[in-house]
Amino acid sequence: MASIHFITQGCSANQADSEIMQGILREKGHTLADDEKDADVIVFNSCTVKGPSISYFKKKMKELDSQGKKAVIAGCIPQSNPDFEYLRGHSLIGTYQIDRIGDAVEQTLGGNKIVLLGKENKTRLNLPKARINPLIEIVPILQGCLSSCTFCKTKHARGNAFSHSPEEIVRDISWAVREGAKEIWLTSQDNGVYGLDFSRNGKEYMNLAKLLMHICAIPRDFMVRVGMANPKYILSMLDGLISAFKNPKVYKFLHVPLQSGSDKVLGDMKRGYTAADFVKIIRRFKKEIPDITISTDIICGFPTETKGDFKKTMEIMKETRPDVINISKFWPMQGTPAARMKQAHGAEMKERAKEMTELHKKIALENNNRWAGWEGDVLIDERGKHGTWKGRNFAYKQVVVETEAFHHPMNGGLHGQTTMGWNAECSKTAGVSEANMPPARDRRPPAVFDSKENLMGRNVFVRIYKGSPIDLRGRVLNEVEEK
Ligand code: SF4
């Protein structure tokens, strides 16, 4: 048996693929090496979404080749570009063949080169898994999408939508929750098209909103994070999706990419929706779920984007005030229609990305500061720095949690108010809706945790005292009893 080290790039769908491949190899008796120097074989699960991921791939492959390391190259690069010069001499396994990782590693150990790039759709669920974080189950509900965005290379690797059945997904999640997972991440290239490739008597009968209801019916304590979904498909199920998001098991977190605020540019990108569609979705979700966290994606410097187009994007960001803006500078990806367009000027693109970043920081800080004074449950899912912990609240806000005794209001704590005497006045200081403030009976004197205590997977009751552009800061008031 061999020791294998994984290098994983890219999105949570690629992370899920690495967890499955690691699970299969472990089940075959191989060991997983944390450090590449201790490994007999490196599995490089690659990403092709943007220039920087390709640059890192090239640099790393040069390094591994110079050390004569045995490597299996997996993921979106070999699947979308099998003749790429940096793949020469290595075994290749594509995005459809991850269940064959055992063969690829054994052949490579034997000094052979194997190429597995066939495009048969196979299940990715209920397979052995080595979770990077045991509390988090990443569930690839489908592979591929139904769009052909002109800038996108991922489509070449992940293809058209192939959804897993709701029964398979419910079985996978039930198993993961029994094993201790507390957060369920639904992921794919576009969760909005889930189930649209299923039809009964020519009629669609499944979609993301209906799937969420199936998942939330699983008895046990867990939270669901819904990954990225395109506006075009969200619009087609808006009412159903909003009511599914109201389920207490669904994080109030919506990731909907806009990419550009200009309809002309959206047309050139072949995105299939308008800026007004995006605004309508955000307005509806914010009206029905006031404290929802909004995440979006923006491309700066798409070839046909003018100053005026970019200004429109900035206006839409000011109007919809997303909490998270994933900003990308445009990259001409080989083989995509946008790469054949006349490219925008590099300096101009940089300037636009800088302007968008500054706006994002300002909006995110203002949005997060309105949480100061909020009290509620936080599920701890990560260790923080300097003895702190990190967790997520109902709106999937990242909270950095400090455990030392909270300055009890009786001792003249924050706002100089007493928790015992906490009243509606206090909730006014916290910008969040009263509906999301816990009833008074939960506000007991703070608990003191031994700093060595492991809080992973535990729900703690926290009070937020400030926000930052990326997260919230809070102190533990007490531990929440498991239901
Ligand atoms: S939706 Fe568009 S950007 Fe996303 S994977 Fe599909 S083609 Fe690429």
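The values are calculated or read from the model by the stated rules, or taken from the named source; none is laboratory data. These figures come from a predicted structure and were not determined experimentally. Virtual Cβ from ideal backbone geometry, glycine too; neighbours counted across all protein chains shown. Heads up: the accessible areas ignore ligands, DNA and RNA and are worked out on the full protein's heavy atoms, side chains in. Shrake-Rupley method; radii C 1.70, N 1.55, O 1.52, S 1.80 Å.
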Along the charge dipole of the stretch 3-116, pointing to its positive end and built from +1/-1 on Cβ of Lys, Arg, Asp and Glu, which listed residue (ASN81, ASN45, ASN14) has its Cα farthest out? ASN81
Under the Kirkwood approximation for Rh and a Cα-based Rg, what ratio Rg/Rh is obtained for the chain? 0.98
Full extension between LYS28 and ALA347 adds, at 0.36 nm per residue less the Cα distance, a length in nm of 109.7 nm
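Quick one: work out the % antiparallel among DSSP beta bridges in the stretch 136-369, nearest 5.
Restricted to the stretch 136-369, the bridges split so that about 10 percent are antiparallel.
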Under a plain spin-label model, where a point goes 7 Å from the Cα along Cα-to-Cβ, how far apart in nm are LEU127 and LYS286? 4.1 nm
Can you give the calculated 222 nm mean residue ellipticity of the chain, where each DSSP H run of n ≥ 4 adds -39,500 (n - 2.57) and the sum is split over every residue, rounded to the nearest 500 deg cm²/dmol? -9500 deg cm²/dmol
Euclidean distance of C-alpha centroids, the stretch 166-233 and the stretch 252-306, integer Å: 22 Å
Low-density loop trypsin sites (Lys or Arg not before Pro), the stretch 130-237, at most 16 other Cβ within 10 Å, DSSP non-H/G/I/E/B, are ARG220
In whole percents, the bins of 10 Å from zero upward hold the Cα-Cα pairs of the stretch 3-116 as 15, 54, 30, 1
Once neighbouring chains are kept in place and the probe is 1.4 Å, which whole percent of the accessible area of the chain is contributed by carbon and sulfur? 53 percent
Using the heavy atoms of the protein chains and a 1.4 angstrom probe, tell me the accessible area per residue for the stretch 212-251 in square angstrom. 38 Å²
Can you tell me the length gained on complete extension of the stretch LEU238 to LYS466, counting 0.36 nm per residue apart and subtracting the Cα distance? 78.8 nm
ARG178 to ASN326: extension gain in nm, 0.36 nm per residue of separation minus the Cα-Cα distance? 49.9 nm
10 Å Cβ shell holding at most 15 others, DSSP loop, GluC sites (Glu not before Pro): longest site-free stretch of the chain: 205-403
State to the nearest 20 debye the size of the charge dipole of the chain about its Cα centre, where the only charges are +1 on K and R beta carbons and -1 on D and E beta carbons. 1060 debye
Please work out the average accessible area per residue across the stretch 1-125, using the 1.4 Å probe convention, and give it in Å². 42 Å²
In cubic angstrom, how much convex hull volume per residue do the alpha carbon atoms of the stretch 330-408 span? 182 Å³
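By DSSP, what percent of the beta bridges with both residues in the chain are antiparallel, rounded to the nearest 5?
If we restrict to bridges inside the chain, about 35 percent are antiparallel.
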